[in-house]
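The structure under discussion is supplied below as structure tokens; questions concerning it will follow.
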Amino acid sequence: MLLRAAWRRAAVAVTVATGPKAAAPTRGLRLRVRDRAPQSAVPADTAAAPEAGPVLRPLYMDVQATTPLDPRVLDAMLPYLVNYYGNPHSRTHAYGWESEAAMERARQQVASLIGADPREIIFTSGATESNNIAIKGVARFYRSRKKHLITTQTEHKCVLDSCRSLEAEGFRVTYLPVQKSGIIDLKELEAAIQPDTSLVSVMTVNNEIGVKQPIAEIGRICSSRKVYFHTDAAQAVGKIPLDVNDMKIDLMSISGHKIYGPKGVGAVYIRRRPRVRVEALQSGGGQERGMRSGTVPTPLVVGLGAACEVAQQEMEYDHKRISKLAERLIQNIMKRLPDVVMNGDPEHHYPGCINLSFAYVEGESLLMALKDVALSSGSACTSASLEPSYVLRAIGTDEDLAHSSIRFGIGRFTTEEEVDYTVEKCIQHVKRLREMSPLWEMVQDGIDLKSIQWTQH
């Protein structure tokens, strides 16, 4: 009774504090307007602070880092956050059964998107955990016979770190170089496979430069050599067509928040026929067929399933629209600015990830100048580092150009007006920063910067 009374008082306090509902803000050109800070439901003893006005937020053009939650996904999740809160592993009552049914439907939705059997989908906390389970799990299970793995130099950091961790355990890892285009040489891959190779791990779409690897060809090579093939498809699932059987993929990592789903959930596909065995990383109640113990978070997996279903329905439409917007951005920038380089293969490329280098401009300075637009100079996982991107270094980009790169992300909710605004601001600030650069002035005077012998003081 006391608890109920306290909540009633809290509800009254919130009603009084918020007053009449404000009109929804109109969506303008550079707007992500937030009416006010989120209010706590717990009544405060102190007097309410004066209400702040609307807060202008930058445009969002960083969809490789994360995507906004699709409202349809939120609608699917809400009942399981409030009413259907049973543990999906409780087998003795209706609360558990309804959560389990929702979890299995989500498993079916994820499987359908990639052409898998629902029993081959294991829910995880995200693509990082999926990559760890796939790489470490396979390597450790087959360690008595096979001690060699192959990956590429441009993989996501969690793949590279998993491989380094295995090297410390005595495994050998070959890190394949990539060509100038960012794509691996298939002949080099074939030559690198040894009799004791257990796994090849190559990402489908690169998170920094958007390059698509020849996944079907890699799958055929691995299958013919009886080596398991894992792909980190976090940036590709739901955006380009993928079929694990046609492409002969044995393990695949999936992330929820890269496909307009919730954060904190993902999946790993593990083939059943021919069966791929993995050693579990964490011990516990043996959920998810013993491969990933821990209670499956029903609202999150329902969100992942809904996101996969929406992506499957709208993939073709989204791809056409994003391609058109990407073409608009690239053409307008390159037509009006000299010395702009697009990083990565322009043909084998996912259009929503555009990585441009603006010569004679420091990327960090350009990012700070473009404060109206949320952009990135590379992977969100390594953006705290001032070192040039290891992906750009791997494709042979000059260090000065690698320092001047900006990644533009175009997604499902990006508008034409947002693209045009970003282009205008980008051109304006690049011109301004170049005017301040002595290097740009020297280039305009016809001096070849590579011929200069710089001295240190």
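The values are calculated or read from the model by the stated rules, or taken from the named source; none is laboratory data. Keep in mind it's a predicted model, so treat the numbers as computed, not measured. With ideal geometry, Cβ positions are generated from the backbone for all residues, glycine too; neighbour counts draw on all protein chains shown. These accessible areas exclude ligands, DNA and RNA; they are computed on the full protein's heavy atoms, side chains included. Shrake-Rupley method; radii C 1.70, N 1.55, O 1.52, S 1.80 Å.
Calculate the dipole size of region 71-310 relative to its Cα centre from +1 charges on Lys and Arg beta carbons and -1 charges on Asp and Glu beta carbons; express the result in debye to the nearest 20.
Magnitude of the dipole: close to 600 debye.
Around N87, with a cut-off of 13 angstrom between Cβ atoms, what is the net charge of the other residues, counting Lys and Arg +1 and Asp and Glu -1?
In short, -1.
Now for a different question. Give me the number: length gained by fully extending R272 to Y317, i.e. 0.36 nm times residue separation minus the C-alpha to C-alpha distance, one decimal in nm.
Difference between extended and current length: 13.0 nm.
Quick one: which residues, 5+ away or cross-chain, put their amide H under 5 Å from the amide H of V373? H built at 1.01 Å from N.
Long-range HN contacts for V373: L59.
Too long at a 27 Å Cα-Cα cut-off: which of K258/K371; K146/K263; K146/K180; K239/K263?
Correct reply: K146/K263; K146/K180.
Turning to a different aspect of this structure: Two decimals is fine: what's Rg over Rh for region 315-438, C-alpha atoms, Kirkwood radius as Rh?
0.94
How much accessible area does F123 have with a 1.4 Å probe, in Å² rounded to the nearest 10?
Result for F123: roughly 10 Å² accessible.
Separate question: Taking R0 as 25 Å, what FRET efficiency do you get between D420 and E347 from their Cβ-Cβ distance, rounded to the nearest 0.05?
It comes to 0.45.
For region 302-380, which GluC sites (Glu not before Pro) are in a loop by DSSP, counting at most 14 other Cβ atoms within 10 Å?
Answer by residue number: E347.
May I ask you to derive the FRET efficiency for I447 and Q153 from their Cβ-Cβ distance with R0 = 41 Å, giving the value to the nearest 0.05?
0.75
When a/c reaches 1.5 or more, the comparison of a/b and b/c decides; with that in mind, is region 71-310 rounded, prolate or oblate per its Cα gyration tensor?
prolate
Return the loop-located trypsin sites (Lys or Arg not before Pro) in region 159-218 (DSSP other than H, G, I, E, B) with at most 14 other Cβ atoms within 10 Å of their own Cβ; answer none if there are none.
Of the trypsin sites (Lys or Arg not before Pro), the ones in loops of region 159-218 whose Cβ has at most 14 other Cβ atoms within 10 Å are K180.
Taking H as built 1.01 Å from N, whose amide H comes closer than 5 Å to the amide H of G286, not counting residues under 5 places away?
Sorted by chain and number, the residues that satisfy this are S293, G294.
Rounded to whole Hz and in sequence order, give me ³J(HN,Hα) for region 413-429 from the Karplus expression 6.51 cos²θ - 1.76 cosθ + 1.60, θ = phi - 60°, writing x for Gly and Pro.
Each residue's phi maps through the Karplus curve to give 9, 6, 9, 4, 4, 5, 5, 5, 5, 4, 4, 4, 5, 4, 4, 4, 6 Hz.
Can you figure out the FRET efficiency of K180 with R220, using R₀ = 25 Å and their beta-carbon distance, to the nearest 0.05?
Using R0 = 25 Å, I get an efficiency of 0.55.
Once both labels are modelled 7 Å past Cα along the beta-carbon direction, what's the R119-F141 spacing in nm?
1.4
Still on this structure, please answer the following. Restricting to Cα pairs below 8 Å that are 6+ residues apart, what does the relative contact order work out to for region 71-310? Please round to a whole percent.
So the answer I get is 29 percent.
Given points 7 Å out from each Cα along the Cα-Cβ axis, report the N87 to S112 separation in nanometres with one decimal.
The modelled label-to-label distance comes out at 3.0 nm.
In sequence order, what are the phi-derived ³J(HN,Hα) couplings for region 240-253 according to the Karplus relation 6.51 cos²θ - 1.76 cosθ + 1.60 with θ = phi - 60°, rounded to whole Hz, with x for glycine and proline?
Each residue's phi maps through the Karplus curve to give 10, x, 9, 9, 5, 7, 4, 8, 6, 8, 9, 9, 9, 9 Hz.
Give me the percent of the accessible area of region 110-241 that comes from carbon and sulfur atoms, probe 1.4 Å, all protein chains in place.
51
Which is farthest toward the positive dipole end of region 315-438 among S365, V423, Y350, measuring Cα position about the Cα centre, with Cβ charges +1 (Lys, Arg) and -1 (Asp, Glu)?
V423
With a 1.4 Å probe and every protein chain left in place, tell me how much accessible area Y85 has, in Å² to the nearest 10.
150
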